[in-house]
Amino acid sequence: FSFFNNKNSFIPRFGQEESINTSVEILEKNNKCLFVGYTGIGKTLLSVAIATRFLTGRGGIVLTTSPIKDTLLSFDEQIDGDVCLGPNRNQKYSCVTAKDLNARSFDLLKKRAEEGEIIFILLTAQDLFFEGDDEFDLREKYFYLKGNIDLWCRDEAHKYYVGNRTSNLLNVIQEKAVLDMTATPYKIIGNYSDDMIVNRNLMWGLKYRAQTNLPKVLIKSLNTPFSCLSDEIKSEYNFEEGFDPRK
């Protein structure tokens, strides 16, 4: 397999190269990685770079989903853009959308992947939420994705991918590895062990403001009804529930 492109070289900003390398190492070890990145770090670009490096030399199919259609357009722009996000210029990568797929075209995609190409399939998260008359049959309706996804990249991973019903539906895909991307991990961080998490959250970005160029953030305390309660009364409420005077 030989390929060459003449795109511009990728010049990583502060923290990006380390984030890519760490995420790839986690995927190679655990087949599961949560990337927590503050808004503006370039999660779309980074996820493409992570996927191409993870699958370099062997090719594969990357299912890329987002609950936001505009974000999928950003993935398309990064993959087809003028910057080489592969580990080298001999690694071919491309993308297709749902409208380009059918059973016959998916067979061709699998053949290209087997020959070493990395192919991104771009779908909205909502595209995956359906039930057939008798059972959830992702294999039939979504072009044989089941068992054929080498990496599932889930943008905004704190949305639409959690919950018992959703998990049962999406488990049909049977992906080999998962890369979750989010700026707000609090709903899902309990699903990962510490060695599966790459933490580049806002606090990290502010710590290195001189390099990240983030503006200074001022946080003022708020005097709320809950803050005025005694510790004994506060203990009756959990974090998710918050203070409800009716209780």
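Shown in residue order for segment 44-61 are the 3J(HN,Hα) couplings computed by the Karplus curve 6.51 cos²θ - 1.76 cosθ + 1.60 at θ = phi - 60°: 5, 4, 5, 5, 5, 5, 5, 4, 5, 6, 5, 9, 4, x, 10, x, x, 10 Hz (x for Gly and Pro). Segment 189-205 and segment 37-113 have Cα centres lying 23 Å from one another.
Packing order of peptides 24-30, 209-215, 11-17, highest average first: 24-30, 11-17, 209-215 (average count of other Cβ atoms within 10 Å over each peptide's residues).
What whole-number value in Å² describes the accessible area per residue of segment 1-128 for a 1.4 Å probe? Don't skip to the end; give the middle numbers.
Values: 5820 Å² over 128 residues.
Counting only protein heavy atoms, the per-residue value for segment 1-128 is 45 Å².
Using a cut-off of 15 Å between beta-carbons, work out the net charge of the residues near Asp80 (Lys and Arg +1, Asp and Glu -1, Asp80 not included). Don't skip to the end; give the middle numbers.
Details: positive: Lys7, Lys92; negative: Asp76, Glu77, Asp82, Asp100, Glu117.
Net charge around Asp80: -3.
Is segment 35-132 best put as rounded, prolate or oblate by its Cα gyration tensor, with a ≥ b ≥ c the root eigenvalues, rounded for a/c under 1.5, and otherwise prolate when a/b is larger than b/c, oblate when not? It is oblate, given that a/c is not under 1.5 and a/b is not larger than b/c. Taking a Cβ cut-off of under 15 Å around Arg13, the surrounding Lys, Arg, Asp and Glu residues balance to a net charge of +1, with basic ones at +1 and acidic ones at -1.
The values are calculated or read from the model by the stated rules, or taken from the named source; none is laboratory data. Please read all numbers here as calculations on a predicted model, not as lab measurements. Don't worry about glycine lacking a Cβ; one is built from the backbone with ideal geometry, like all the others, and counts go over all protein chains shown. Just the protein is used for accessible areas: all its heavy atoms, side chains included, with ligands, DNA and RNA removed. Shrake-Rupley method; radii C 1.70, N 1.55, O 1.52, S 1.80 Å.
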